[in-house]
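Q: Structure provided below as structure tokens; questions to follow.
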């Protein structure tokens, strides 16, 4: 990838981050921490790697994404809005009674959402079903799913992992966002799932360990998965929870609350500066 | 009434029969294909059958993913593990997005027999009935099970089927009409209505005979669809017979009795006696003995019918 391409995707990631803050501030609730940590992954998927068309969100041949860690809906909605599935202006309605932007992804009401999710552990299984449907129908679409490192404590994730390898679902890519924090504290204190890479490897996955905030590494790992060698792929992403907003970075309490006005302003100022810097780079 | 065939058998055979013409549906099972009878489909259409191993939660969410890609999916296991273990997967992955998944639960109720309490699911109808948009049905014989599968293939949306392990008499002939949500009047009567489902329909007919000998004329209804309940028929029974007895192989809370009572209380209150397991777990034993032990007998139904009539 050239620098220009990388910067463009970085720029999108920072726009998604700003969207996240706008969303959770207006909702006065929601999950900024884990949303901020997956912004780069979503940028690479929705703006480079996925075969999708916002004008035809139900195209049966499209690539699909299941946000298994559904509480990070603000990040997904930011990515979908930036990509043109619905107006960016609608993001301020997140979690409001009269809004279609549900607190967790709703496939029936939100353009671009491929699967309803939010109850942890179920998304990767649904992604299995989609990948299997692709195999049955001899279609060559890819199915992506994003899991949290807390989420993988759910037993169903490992039922799903067994299944994906057993049915040779090499059209399935599972990202694990390893930000090291869950609601009750650091994952290593609450319930360690380490070694995560070895577990997925033992279950029969191709495993790549990457920096979740390195555009090139994300893209390269996806490219490798697209080679389809008969095995599903797990991309273990070392991330910073709250990435991009300095006072939210690695602070567990930002898992599930909205910022107040002062905090939101500070976060947006910081993200705007980054966006401006990247825009200058992109536009020369 | 000669042949005895389990409703699970009717289900399994129907999958194969309709699988010939309808190439679009797939079948999932969680290592119980021999018991649930999806094994027939597995043998006939290997490429459309997917075992998930002993992992019911994953199976339900896989079913959701398949359905999200346009497949009609039958997901089968024992009622205990389908409705019980995987309840939340069914709720959030299947019912909430209204996906076209047909949950085929076998080995429901006391008639599982010797396996005992852990495998005798007496709560599934209640669990499934509370899910918005979920259709809940239980056939009273293998013929009706076949009709249900035919109807299921013509219906878009989540459905729950409750099939039994035990071989029971065939009551219907192949040409009788069948409609989702329309109960069947098996016997006319004016003094009391016995509304039953599943294997209890046969008991209800026996009870009506006992009552008949006492000069009491009981109407017998096969309420194969518990949700949406046949509101019109329930009200007709309330108005015309003035007393109702419900019979089901399920806890008295949450099942057919509750569904009938909800309608009656809402629009035309009459006495309703609910017969089922009385907030108890099952136990090991022969099905016939368990039915007696838990009050699911023709004699008890007749007694309760007389009680209901007294309350008029």
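Q: Tell me which residues, restricted to region B:56-79, are more than 11 Å from chain A (Cβ to nearest Cβ) and crowded, with 24+ Cβ neighbours inside 10 Å.
A: B:74, B:76, B:77, B:78, B:79 - these are the residues of region B:56-79 that are more than 11 Å from chain A (Cβ to nearest Cβ) and crowded, with 24+ Cβ neighbours inside 10 Å.
Q: Here is a follow-up. Being within 7 Å of chain B (Cβ to nearest Cβ), crowded, with 24+ Cβ neighbours inside 10 Å and more than 21 Å from residue A:56 (Cβ to Cβ) is the filter here, so list the residues in region A:109-125 that pass it.
A: Passing the criteria: A:122, A:125.
Q: Now for a different question. Among B:93, B:140, which is within 14 Å of chain A (Cβ to nearest Cβ) and surrounded by 24 or more Cβ atoms within 10 Å (Cβ to Cβ)?
A: Only one candidate qualifies: B:93.
Q: Let me ask something additional. Filtering region B:19-55 down to residues that are over 24 Å from residue B:88 (Cβ atoms) and surrounded by 24 or more Cβ atoms within 10 Å (Cβ to Cβ), which residue is farthest from the other protein chains (Cβ to nearest Cβ)?
A: B:37
Q: Next question, about the same structure. Do you know which residues across region A:53-72 are within 14 Å of another protein chain (Cβ to nearest Cβ) and not in a loop (DSSP other than H, G, I, E, B)?
A: The answer is A:64, A:65, A:66, A:70, A:71.
Q: Sticking with this structure for a sec: Of everything in region A:229-263, what is surrounded by fewer than 19 Cβ atoms within 10 Å (Cβ to Cβ) and outside any loop (DSSP other than H, G, I, E, B)? Give them in sequence order.
A: Answer for region A:229-263, where residues must be surrounded by fewer than 19 Cβ atoms within 10 Å (Cβ to Cβ) and outside any loop (DSSP other than H, G, I, E, B): A:238, A:252, A:253, A:261, A:262, A:263.
Q: Kindly check whether there is at least one residue in region B:295-308 that is in contact with a helix residue (DSSP H, G or I) (Cβ under 9 Å, 6 or more places away or on another chain), free of Cβ contacts under 8 Å to residues at least 24 places away in the same chain and closer than 18 Å to residue B:121 by Cα.
A: The answer is yes; a qualifying residue exists.
Q: Now, a different point. Restricting to region B:166-185, name every residue that is surrounded by 19 or more Cβ atoms within 10 Å (Cβ to Cβ) and not in a loop (DSSP other than H, G, I, E, B).
A: B:168, B:184
Q: Follow-up question, since we're still on this one. Hey, can you tell me all the residues within region A:72-84 that are touching a helix residue (DSSP H, G or I) at 6+ places or on another chain (Cβ under 9 Å) and surrounded by fewer than 24 Cβ atoms within 10 Å (Cβ to Cβ)?
A: Residues satisfying the conditions are A:81, A:82, A:83.
Q: Only one of A:267, A:221, A:273 is more than 21 Å from the chain's Cα centre (by Cα) and assigned to a helix (DSSP H, G or I); which?
A: A:273
Q: May I ask you to verify whether residue A:106 is within 13 Å of chain B (Cβ to nearest Cβ) and surrounded by fewer than 19 Cβ atoms within 10 Å (Cβ to Cβ)?
A: No.
Values in this text are rule-based calculations from the coordinates and carry no lab data. Since this is a predicted model, take the numbers as computed values, not measurements. Reconstructed Cβ throughout: ideal geometry from the backbone, glycine too, with neighbour counts over all protein chains shown.
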